[in-house]
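Step one of this worksheet: look at the structure below.
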């Protein structure tokens, strides 16, 4: 499965609407509790690289942004202890941005959660970039 970040609209679901209290519940209901993949509609790919892809998605009529990271094995850490895993680095960065109030200022979207793995076969052809990854992508 692929690590996936959804932004309310990447890591998980992000939203630029802090007043949208339903966004957090939306994520918990749909992503953490095993949402049926048929409820997630990939509207379009916004960008992609060798490391990840960002998509505009709709879940039950709500527009969100989802970032998926390729996973071809955990690169681990440098000798000095720096994390080389892009998913973990971005997840920790967004957690800190929220913790220290940066998202509240409106410059950074809110992170509503993340999914550890997703099966790209359930989302074809949208996730065709992930079909040959060693492991399933991380959200």
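The values are calculated or read from the model by the stated rules, or taken from the named source; none is laboratory data. Treat the numbers as computed from the prediction; the structure is a model and nothing was measured. Heads up, the Cβs are rebuilt from the backbone with ideal geometry, glycines too, and the neighbour counts pull from every protein chain shown.
Worth pointing out:
- Qualifying residue in the range 39-51 (condition: exposed (fewer than 13 other Cβ atoms within 10 Å of the Cβ), more than 13 Å from the chain's Cα centre (by Cα), at pLDDT below 85 and not in a loop (DSSP other than H, G, I, E, B)): yes
- Checking residue 91 against (1) modelled with pLDDT under 80; (2) surrounded by 12 or more Cβ atoms within 10 Å (Cβ to Cβ), the condition it does not meet: (1)
- When 101, 81 are checked against the criterion of being farther than 17 Å from residue 130 by Cβ, modelled with pLDDT of 90 or more and in a loop (DSSP other than H, G, I, E, B), 81 stands alone in meeting it.
- The range 86-106, residues that are over 20 Å from residue 45 (Cα atoms) and out of contact with any helix residue (DSSP H, G or I) (no Cβ under 9 Å at 6 or more places or on another chain): 88, 89, 91, 92, 93, 95, 96, 99, 100, 101, 105, 106
- Of the set (1) modelled with pLDDT of 80 or more; (2) touching a helix residue (DSSP H, G or I) at 6+ places or on another chain (Cβ under 8 Å), all apply to residue 109 but (1).
- Scanning the range 102-131 for residues that are within 19 Å of residue 74 (Cα to Cα), surrounded by 13 or more Cβ atoms within 10 Å (Cβ to Cβ) and more than 15 Å from the chain's Cα centre (by Cα) returns a single hit, 129.
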